[in-house]
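**Student:** A single structure is presented below for examination.
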Amino acid sequence: MESNHTYKLSVIIVNYNVEYFVDQCLDSVKKAIKQLPVEVIVIDNASMDGSVEVLKNKHSNCTLIFNEKNVGFSKANNQGIECAKGEYILLLNPDTIVEESTFEKVIAFMDAHPNAGGLGVRMIDGRGTFLPESKRGLPTPMVAFYKIFGLSTILPKSKRFGHYHLGHLPENETNKIDVLSGAFMLMRKKALDTVGMLDETFFMYGEDIDLSYRIQKGGYDNYYFPETSIVHYKGESTKKSSVNYVFVFYRAMIIFAKKHFSGNNAWLFSFLINLAIYFRAFIAITGRMIQRFTLPAIDSAFIVSGLFALTAYWERVDIEFPEELIRYSIPIYGLTWVGIVFFNGGYDKPIKLFKYAKGTVIATALLLIAYAVLPKSLQFSRLFIFIGAAWVLTYYLLSRLLLHFTIGGKHTLRSSEKKSFTIIGNQAEVERTKELLVQTQDNLGSSTHYSSIDHLLEATPNSNEIIFCSGSLTYEEIIKAMGAKALQSLDFKIAPQNASHLIGSNSIDTAGELYILNINTLVSDENKRKKRLFDLLIATGLLLTAPVGIFFFKNKSTYLKNMVHILRGKRSFIGFSKELSMKDVRLPRIKQGIIAPEDPFQYADQAVKQKLNLLYARDYSMRKDFSIVRKSWQKLDC
């Protein structure tokens, strides 16, 4: 029966908004096909990032399916399975890279083990670190409990407590396992005909556990096969550390429990998962709050205490302040200084002392303006504001120097430290990569290069980052080198052949990093705060004046809806035109805008529009936002 299959293997890839990764993935897949009878099926789930153009222009030899909406991971994969003609079916994530020998090895293993219904391989992340989800056990209620409350992390090698990731099984040894990873899920088509396809109840996450379990119940075995490795960047479609991920992933576990566990087991599992959802969400939110606001809170305490000490000193020299004013004014002064410094980027990393100075000056000016408009009865001393500002500046200078010399790391003052690179490839590829680094890196330091992976493995590179040129190296060489250097705290990038970007990911919790034209000023932490503040202030002002202002617009309901969407953070006043944002990969991803940077210029041609969008991204300011809104306010009801 199996001999009737048209292909030995059908590779199915579901893509959603990861154009650079799917491009690189398909490049590695094509190199791994060799002379094997393999078909490649790509399903795009209504991507908005230019993926469609990349697939049509560069990968038209694949079977391409373009969905008009995001139908989810399970349904999209089922679309591919339904039209697949292979003896084996491989579900492969778009944010992966396979070795040139991967397909040969996994097919040979499956041919030699007719009882094998599914197979997973050894996976590493973008820093070369082994991913424990390469091999997993069935998440029974107790296994889930051990994972949820950290026992599997404390005792990862325990057969009992570390069962979720099967930590007792060697990383480099082939073994039977329970659960395959959806990132690389190879299955026998005959097994799928027996147990069915992916359960579309699972929109994202959990479907791989469900199908793996059904393959076992159908009388087949699942295997972990470490004789070949793949890179799984992980986290490109969904940030794994986000609260939303916690809810989506663990809700999927509840669906699995209700489907496969009965009676008390299902109830216990659901209870534990719900407990985990809120426990993890609370931990995540609390952790972020502590990380973000601990230092500002400490600074506020020191600054306010110093201001109170100043008033106490002045009282000793017979300068008295009204007690009621001191009680409320001093904390307001202190919080104003800290708040403006925070908003101005003083707490962003790395530390830049001029931002503290700039924030303090702006806050002092605002306090003096507010002081000037207060009634005489509430004014007590301009001199105190100036002396207070001097204290704030002194505190910030001394405290940041202390952090620099005692803690360092993210608190270092060496913000201009240059980044060094080691480039691996032939001379032509190395020169092309160097040129790309010059165009995209502000703090470009020294760069060295080796012509082969062997030279890299024999040396200890004195650099921050290693860049592999895939045009002159095999993916197998790159993956093995990443694994060999995984413990040296290096970052890795791959320079795709004939591409204008470098691609990679520093950890499983960060989206893949791209080195492209350096116009991302707009999406710096500081400017994102400024842009959001501008949206909130203007939208609030326009809503408050809506009883009068609404009569200047034809589409009154659309105008009001736009203001509400802006306040809720769903839209922004200014955003790139949809057409350009999809075509120009250099533009950073921001919220959809009501007005585009080119709107004030009615007769701008395509080239001018493109330039205006690039300039907006590179030279963003609140003043520019205000200017665009002022000139194109008539479009606020569009």
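The values are calculated or read from the model by the stated rules, or taken from the named source; none is laboratory data. Because the structure is a prediction, the values reported are computed rather than measured. Counting neighbours? That spans all protein chains shown, and the Cβs are built from the backbone with ideal geometry, glycine included.
**Student:** When you look at LEU517, is it over 17 Å from ILE97 (Cβ atoms), part of a loop (DSSP other than H, G, I, E, B) and modelled with pLDDT under 90, yes or no?
**Tutor:** It is true that LEU517 is over 17 Å from ILE97 (Cβ atoms), part of a loop (DSSP other than H, G, I, E, B) and modelled with pLDDT under 90.
**Student:** While we're looking at this one, here's another question. May I ask you to verify whether ASN17 is free of Cβ contacts under 8 Å to residues at least 12 places away in the same chain and either surrounded by fewer than 20 Cβ atoms within 10 Å (Cβ to Cβ) or more than 23 Å from ASN67 (Cα to Cα) (or both)?
**Tutor:** No: the conditions fail for ASN17.
**Student:** Kindly check whether there is at least one residue in the range 121-131 that is crowded, with 17+ Cβ neighbours inside 10 Å and farther than 27 Å from ILE467 by Cβ.
**Tutor:** Taking every residue of the range 121-131 in turn, none turns out to be crowded, with 17+ Cβ neighbours inside 10 Å and farther than 27 Å from ILE467 by Cβ.
**Student:** Between LEU169, LEU119, which is at pLDDT 95 or above and not in a helix (DSSP H, G or I)?
**Tutor:** That would be LEU119, the only listed residue that is at pLDDT 95 or above and not in a helix (DSSP H, G or I).
**Student:** Can you name every residue in the range 354-378 that is charged (D, E, K, R) and under 44 Å from the mean Cα position of the chain (by Cα)?
**Tutor:** Of everything in the range 354-378, those that are charged (D, E, K, R) and under 44 Å from the mean Cα position of the chain (by Cα) turn out to be LYS355, LYS358.
**Student:** From the list ILE65, ILE89, exactly one residue is hydrophobic (A, V, I, L, M, F, W, C), under 19 Å from VAL18 (Cα atoms) and part of a strand (DSSP E or B). Which is it?
**Tutor:** Matching residue, one of ILE65, ILE89: ILE65.
**Student:** Additional query: Out of the residues in the range 34-58 meeting the condition of being under 22 Å from PRO496 (Cα atoms) and of a type in the set (Gly, Ala, Ser), tell me which one is surrounded by the fewest Cβ atoms within 10 Å (Cβ to Cβ).
**Tutor:** Per the stated criteria, the residue is GLY50.
**Student:** In the range 551-580, how many are crowded, with 16+ Cβ neighbours inside 10 Å and out of contact with any Pro (no Cβ under 9 Å at 6 or more places or on another chain)?
**Tutor:** Number satisfying all stated conditions: 11.
Every residue, every condition in (1) part of a helix (DSSP H, G or I); (2) over 19 Å from GLY359 (Cα atoms); (3) at pLDDT below 90, yes or no:
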| position | (1), (2), (3) |
| --- | --- |
| ILE290 | yes, yes, yes |
| LEU295 | yes, no, no |
| LEU310 | yes, yes, yes |
| TYR313 | yes, yes, yes |
| ILE330 | yes, no, yes |
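**Student:** Can I ask one more? Regarding ILE479, is this residue more than 30 Å from SER305 (Cα to Cα) and not basic (Lys, Arg)?
**Tutor:** Against the criterion (more than 30 Å from SER305 (Cα to Cα) and not basic (Lys, Arg)), ILE479 qualifies.
**Student:** On to the next question. Looking at (1) touching a residue at least 40 places away in the same chain (Cβ under 8 Å); (2) in a loop (DSSP other than H, G, I, E, B); (3) more than 22 Å from the chain's Cα centre (by Cα), can you tell me which one SER500 breaks?
**Tutor:** (3)
**Student:** Tell me yes or no: at least one residue of the range 209-226 is under 30 Å from GLU477 (Cβ atoms), modelled with pLDDT of 90 or more and either aliphatic (A, V, I, L, M) or not assigned by TED's automatic domain parsing to the domain that holds ASP125 (or both).
**Tutor:** Within the range 209-226, not a single residue is under 30 Å from GLU477 (Cβ atoms), modelled with pLDDT of 90 or more and either aliphatic (A, V, I, L, M) or not assigned by TED's automatic domain parsing to the domain that holds ASP125 (or both).
**Student:** How many residues are under 13 Å from ALA484 (Cβ atoms), of a type in the set (Asp, Glu) and in contact (Cβ under 8 Å) with a residue 12 or more places away in the chain if we restrict to the range 444-468?
**Tutor:** So the count comes out to 0.
**Student:** For the range 180-211, what are the residues that are of a type in the set (Gly, Ala, Ser) and surrounded by fewer than 17 Cβ atoms within 10 Å (Cβ to Cβ)?
**Tutor:** Within the range 180-211, just GLY196 meets the criteria.
**Student:** Can I ask one more? Quick check on GLN79: is it among the polar types (S, T, N, Q), modelled with pLDDT of 95 or more and either over 24 Å from THR228 (Cα atoms) or assigned by TED's automatic domain parsing to the domain that holds VAL106 (or both)?
**Tutor:** yes
For every residue, the table says whether it meets (1) modelled with pLDDT of 90 or more; (2) in contact with a Gly (Cβ under 8 Å, 6 or more places away or on another chain); (3) in the same structural domain as GLY126 (by TED's automatic domain parsing).
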| residue | (1), (2), (3) |
| --- | --- |
| VAL14 | yes, yes, yes |
| ASN17 | no, no, yes |
| LYS31 | yes, no, yes |
| VAL38 | yes, yes, yes |
| SER51 | no, no, yes |
| ASN57 | yes, no, yes |
| CYS62 | yes, no, yes |
| GLU68 | yes, no, yes |
| PHE73 | no, yes, yes |
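**Student:** Which residues, counting only those in the range 151-197, are among the β-branched types (Val, Ile, Thr) and farther than 30 Å from SER28 by Cα?
**Tutor:** Once the filter is applied, which keeps residues that are among the β-branched types (Val, Ile, Thr) and farther than 30 Å from SER28 by Cα, the range 151-197 yields THR153, ILE154, THR194, VAL195.
**Student:** Looking only at the range 416-424, decide whether some residue is crowded, with 17+ Cβ neighbours inside 10 Å, outside any helix (DSSP H, G or I), over 28 Å from the mean Cα position of the chain (by Cα) and in the same structural domain as ALA459 (by TED's automatic domain parsing).
**Tutor:** No: zero hits.
**Student:** Looking at the range 30-58 only, could you name the residues that are under 27 Å from the mean Cα position of the chain (by Cα) and in a loop (DSSP other than H, G, I, E, B)?
**Tutor:** Of everything in the range 30-58, those that are under 27 Å from the mean Cα position of the chain (by Cα) and in a loop (DSSP other than H, G, I, E, B) turn out to be ALA46, SER47, MET48, ASP49, GLY50.
**Student:** In the range 1-29, how many residues are within 16 Å of PHE184 (Cα to Cα), hydroxyl-bearing (Ser, Thr, Tyr) and outside any helix (DSSP H, G or I)?
**Tutor:** 1
**Student:** Does the range 98-133 hold any residues that are of a type in the set (D, E, K, R) and farther than 30 Å from THR153 by Cβ, and which are they?
**Tutor:** Listed by number, the residues that qualify are GLU100, GLU104, LYS105, ASP111.
For every residue, the table says whether it meets (1) at pLDDT below 90; (2) of a type in the set (Asp, Glu); (3) not assigned by TED's automatic domain parsing to the domain that holds LYS528.
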site: GLU320; (1), (2), (3): yes, yes, yes
site: TYR347; (1), (2), (3): yes, no, yes
site: ALA363; (1), (2), (3): no, no, yes
site: LEU368; (1), (2), (3): no, no, yes
site: ARG382; (1), (2), (3): yes, no, yes
site: LEU397; (1), (2), (3): no, no, yes
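**Student:** Additional query: Whether any residue in the range 364-380 is hydrophobic (A, V, I, L, M, F, W, C), part of a helix (DSSP H, G or I) and under 20 Å from PHE293 (Cα atoms) is what I want to check.
**Tutor:** Checked the range 364-380: no residue is hydrophobic (A, V, I, L, M, F, W, C), part of a helix (DSSP H, G or I) and under 20 Å from PHE293 (Cα atoms).
**Student:** Taking ILE177 as the residue in question, decide whether it is buried (at least 22 other Cβ atoms within 10 Å of the Cβ), more than 27 Å from ALA484 (Cα to Cα) and assigned by TED's automatic domain parsing to the domain that holds ALA84.
**Tutor:** no
**Student:** If the requirement is being charged (D, E, K, R), under 16 Å from LEU436 (Cα atoms) and either surrounded by fewer than 18 Cβ atoms within 10 Å (Cβ to Cβ) or modelled with pLDDT of 75 or more (or both), which of these qualifies: GLU458, GLU477, GLU465, GLU526?
**Tutor:** Selected residue: GLU465, the only one of GLU458, GLU477, GLU465, GLU526 that is charged (D, E, K, R), under 16 Å from LEU436 (Cα atoms) and either surrounded by fewer than 18 Cβ atoms within 10 Å (Cβ to Cβ) or modelled with pLDDT of 75 or more (or both).
**Student:** Same structure again: Out of the residues in the range 132-154 meeting the condition of being at pLDDT 90 or above and crowded, with 19+ Cβ neighbours inside 10 Å, tell me which one is nearest to LEU487 (Cα to Cα).
**Tutor:** If we take residues in the range 132-154 being at pLDDT 90 or above and crowded, with 19+ Cβ neighbours inside 10 Å, then SER134 is nearest to LEU487 (Cα to Cα).
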